[in-house]
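First comes the structure, then the notes that go with it.
No value in this document is a laboratory result; all are computed from the given coordinates. Computed from a prediction, not measured in an experiment: that's the story for all the values here. Here the Cβ positions follow ideal geometry from the backbone for every residue, glycine too, while neighbour counts run over all protein chains shown.
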Amino acid sequence: MDIYLIRHTKTDTLQGLCYGQSDVALAKSFLEEAQLLQQKLPELKSNSLVFSSPLTRCVQLAERLSDNVTIDVRLLELDFGDWESRCFDDLDVDALQQWTDNFVYVAPPNGESFIDLCQRVGSFWQDVVHGMHSKSEQILIITHAGVIRALLAYILKLPPANAFQFRVDVGSVHKLQHLDNYTYINYINL
């Protein structure tokens, strides 16, 4: 089965805004970006499955790609808790430093740690490759940078901190192939 991890297109947000699970609008360039992204994908097969984070920036793209989209909350970006919709420059310097020094295990106030995110997306991945979805030839997953990094680390059995060595641009496509209980990475960040 071919699996495409797709990051949403550009958002209409301020530089430095913390918006993990905040539902922010897409940039005015959405239609052009979506067309460019579609050119990176093959034609969808009849039994293709499309999964999306419930946030608008993912759902809008998913609905451009397919009329049949399954929303899964496990595909949400990291929950930044009390920091959501705030600029990083406005956060308490010491609390931010404590989090950045150990983001894998430390959560923002009332948020989740990266290890929590990894466990959440690991559960999703197991359902995709071992559940009823495993019979599909093609799966598209429209989600966020943190989720894509966590999935790649999970699949490759990397320490979670190493996930941030993967570049995940907005509007990028990452192709995996799952065959005989083994996952191959065909390409990343196209």
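A few notes on this one:
- R0 of 35 Å, Cβ-Cβ distance Asp12-Tyr187: FRET efficiency to nearest 0.05: 0.75
- Against the main long axis of the alpha-carbon atoms of the chain, helix 145-156 sits at an angle near 60°.
- Entry for region 1-71 at q = 0.12, 0.13, 0.20 Å⁻¹: log10 I(q)/I(0) = -0.34, -0.39, -0.87, Debye formula applied to identical alpha-carbon scatterers, no solvent contribution.
- Stretchable slack from Gln119 to Val170, in nm (0.36 nm times residue separation minus alpha-carbon distance): 16.0 nm
- Share of Cα-Cα pairs in region 69-143 lying beyond 22 Å, as whole percent: 37
- Relative to the compact-globule estimate of 2.2 N^0.38 Å, the Cα radius of gyration of region 142-185 comes out at 1.15.
- Inter-label distance, nm, simple model (7 Å from Cα along the C-beta direction), Gln97/Leu36: 3.8
- Semi-axis lengths (Å, descending) of the ellipsoid that matches the C-alpha gyration tensor of the chain: 27, 20, 13
- Reducing region 82-119 and region 18-54 to their Cα centroids gives an inter-centroid distance of 26 Å.
- Point-to-point label distance, Ser29-Leu158, nm (Cα→Cβ direction, 7 Å offset): 2.6
- Counting only DSSP beta bridges with both residues in the chain, the antiparallel share comes to about 50 percent.
- Inverting the pair-averaged 1/r between distinct Cα atoms of region 116-190 gives 12.8 Å as its Kirkwood hydrodynamic radius.
- Along the chain, longest interval not containing exposed trypsin sites (Lys or Arg not before Pro), exposed being DSSP loop plus at most 16 other Cβ atoms within 10 Å: 46-156
- Residues in region 1-40 that a label on Cys87 would reach, taking backbone N under 16 Å of a point 7 Å out along Cα→Cβ: 13-19
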